[in-house]
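**Student:** Below you'll find the structure I mean.
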Amino acid sequence: MSKLLGGTKRPLDETYRLALLDLDGVVYRGKLPVDHAADSIRQAQAAGMTIEYTTNNSSRFQRIVAEQLRGFGLDVEPWQVITSSVVAARMVAKHVPQDSPVLVLGAEHLAEEVTNQGLRVVRQAQDHPVAVIQGWYPQMSWQEMAQVAYAVERGAQYFVTNRDLTIPRELGIAPGCGSMIQAVINATGVDPVGSAGKPESAMYDEARILAAHDGATPVAREQCLAIGDRLDTDIEAGNRGDYDSLAVLTGVTDPQQLLHAPEHLRPTYVSEDLRGLLTAMPQPTRLPDGSWRCADAQANVERGRLTVSDPTSINALRAALCATWERADAGEDTDTTAVGFAIA
């Protein structure tokens, strides 16, 4: 059965207990807040929703990210920031005994999290680590990467913070953690045992445990909503872990990318921005003539060409997504180029 958009009768902040928010492109862009994000988060929290922030960035301390978010007027504690370093350290701690030596390649944040898990940080293969965690930071060197390769080759379990091939920097796109990981794989022939970052679902799994506090029962999966601007990380992680998800149009993903998304990258809901947290999601429905309607908007694919009632309407986009995804799953191509969505 095709994966199409869902709908809710109540606002999302009342339907779900825990929101798992990506940061860059959702809450902020660099040092600047995304429009409507902070106000929407505050209102969702006032309605009783717990907010956690999930990021593949392994180099920034939780407290630093929390300070930035507080600068936008948000009430944020460091525990609410779930970095790939937090998840990676917890992941390794589940695989090795307490006080085990673990070789760490990464920023001080990663080393601190490993120590917090009762493990001993080492920096050389000669220290006989039983596991390795490879992260990313700007000053990483060939010598450090070689130590990782030596330890992995000698049998240390190999974990990584994330597998992002690229990372945006001020001067352009640079090699990311995944590119450095590939160098170790090329040298050793060994693939990582696990990755903490999205699109793996481990970050969301850990987040719902951390949200419970004091060893209480983790927040139920069906009460969690993954939110992001990237289909190939935030949304795919949700689908891999069987979490409902919300894609927002404030970052990387645009309507055309959504229209052509394969099934494993499709969100449960779509919104212009985080104001979608505060509203119910209208359920798109298929009409007898094969067209799709969502609230007051309609979309149709006729002779392989997409048309919509209003290209400025988010509901028209929602209807269009169901129309085009249905055709794609039936093996049909749809020309979507004539619709220039301009959703405010």
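The values are calculated or read from the model by the stated rules, or taken from the named source; none is laboratory data. Being a predicted model, the structure only gives us computed values, none of them experimental. FYI the Cβ positions are ideal-geometry reconstructions off the backbone, even for glycines, and counts take in every protein chain you see. Just the protein is used for accessible areas: all its heavy atoms, side chains included, with ligands, DNA and RNA removed. Shrake-Rupley method; radii C 1.70, N 1.55, O 1.52, S 1.80 Å.
**Student:** Sort through A211, A207 and tell me the only one that's within 22 Å of T15 (Cβ to Cβ), modelled with pLDDT under 90 and open to solvent by less than 30 Å² (accessible area, probe 1.4 Å).
**Tutor:** A211
**Student:** From (1) at pLDDT 95 or above; (2) within 25 Å of the chain's Cα centre (by Cα), pick out the condition that doesn't hold for V308.
**Tutor:** Condition not satisfied by V308: (2).
**Student:** Quick one: Q283 ticks every box in (1) out of contact with any helix residue (DSSP H, G or I) (no Cβ under 7 Å at 6 or more places or on another chain); (2) over 28 Å from A44 (Cα atoms); (3) of a type outside the set (A, V, I, L, M, F, W, C) except a single one, so which number is it?
**Tutor:** Every condition holds for Q283 apart from (2).
**Student:** What are the pairs with Cβ atoms under 6 angstrom where one residue, in the range 3-19, is free of Cβ contacts under 8 Å to residues at least 24 places away in the same chain and the other, located anywhere, is open to solvent by 50 Å² or more (accessible area, probe 1.4 Å)? Sequence gap at least six, or different chains.
**Tutor:** none
**Student:** On to the next question. Quick check, is A280 at pLDDT 95 or above, over 23 Å from D329 (Cα atoms) and outside any helix (DSSP H, G or I)?
**Tutor:** Yes, satisfied.
**Student:** Here's something else I'd like to know. Would you check if P282 is surrounded by 20 or more Cβ atoms within 10 Å (Cβ to Cβ) and under 17 Å from T15 (Cβ atoms)?
**Tutor:** Spelling it out, P282 is indeed surrounded by 20 or more Cβ atoms within 10 Å (Cβ to Cβ) and under 17 Å from T15 (Cβ atoms).
**Student:** For the range 291-337, which positions are part of a helix (DSSP H, G or I), open to solvent by less than 10 Å² (accessible area, probe 1.4 Å) and farther than 20 Å from V248 by Cα? Break it down stepwise before answering.
**Tutor:** Filtering the range 291-337 down to residues part of a helix (DSSP H, G or I) leaves 314-329.
The next check asks that each one be open to solvent by less than 10 Å² (accessible area, probe 1.4 Å); those that pass are 316-317, 319-325.
Residues satisfying the conditions do not exist here.
**Student:** If only one of E222, E170, E153 is farther than 26 Å from E14 by Cα, charged (D, E, K, R) and modelled with pLDDT of 95 or more, which one is it?
**Tutor:** Residue meeting the stated conditions: E153.
**Student:** Step by step: first the residues of the range 135-173, then only those that are assigned to a helix (DSSP H, G or I) and touching a Leu at 6+ places or on another chain (Cβ under 6 Å), then the one that is surrounded by the most Cβ atoms within 10 Å (Cβ to Cβ). Which residue is that?
**Tutor:** Among them, the one singled out is A151.
**Student:** Which one is farthest from T83 (Cα to Cα), of the residues in the range 225-250 that are at pLDDT below 95 and either surrounded by fewer than 21 Cβ atoms within 10 Å (Cβ to Cβ) or β-branched (V, I, T) (or both)?
**Tutor:** The extreme case among them is T250.
**Student:** Could you tell me how many of the residues in the range 174-201 are polar (S, T, N, Q) and in a strand (DSSP E or B)?
**Tutor:** Counting residues in the range 174-201 that are polar (S, T, N, Q) and in a strand (DSSP E or B) gives 1.
**Student:** If you don't mind, another one. If a residue counts only when it is touching a residue at least 60 places away in the same chain (Cβ under 8 Å) and buried (at least 18 other Cβ atoms within 10 Å of the Cβ), which helices (runs of 4 or more DSSP H) contained entirely in the range 50-134 have at least 2 such residues?
**Tutor:** Helices (runs of 4 or more DSSP H) meeting the threshold: 84-93.
**Student:** Here's a check for you: in the range 8-23, which residue that is assigned to a loop (DSSP other than H, G, I, E, B) and in contact with a strand residue (DSSP E or B) (Cβ under 7 Å, 6 or more places away or on another chain) is surrounded by the fewest Cβ atoms within 10 Å (Cβ to Cβ)?
**Tutor:** Looking at residues that are assigned to a loop (DSSP other than H, G, I, E, B) and in contact with a strand residue (DSSP E or B) (Cβ under 7 Å, 6 or more places away or on another chain), I get R17.
**Student:** Quick one: would you say Q117 is polar (S, T, N, Q), at negative phi and out of contact with any Lys or Arg (no Cβ under 8 Å at 6 or more places or on another chain)? Step through it out loud before you land on a result.
**Tutor:** Details: polar (S, T, N, Q): yes; at negative phi: yes; out of contact with any Lys or Arg (no Cβ under 8 Å at 6 or more places or on another chain): no.
It is false that Q117 is polar (S, T, N, Q), at negative phi and out of contact with any Lys or Arg (no Cβ under 8 Å at 6 or more places or on another chain).
**Student:** Restricting to the range 1-47, name every residue that is of a type in the set (G, A, S), more than 19 Å from the chain's Cα centre (by Cα) and modelled with pLDDT under 95.
**Tutor:** Residue satisfying the conditions is S2 alone.
**Student:** Within the range 169-178, can one find any residue that is in contact with an Asp or Glu (Cβ under 7 Å, 6 or more places away or on another chain) and in contact (Cβ under 8 Å) with a residue 40 or more places away in the chain? Even if it seems obvious, please write down each step before you answer.
**Tutor:** Let us first name the residues in the range 169-178 that are in contact with an Asp or Glu (Cβ under 7 Å, 6 or more places away or on another chain), namely 176-178.
Pick out the ones that are also in contact (Cβ under 8 Å) with a residue 40 or more places away in the chain and you get 176-177.
There is at least one residue in the range 169-178 that is in contact with an Asp or Glu (Cβ under 7 Å, 6 or more places away or on another chain) and in contact (Cβ under 8 Å) with a residue 40 or more places away in the chain.
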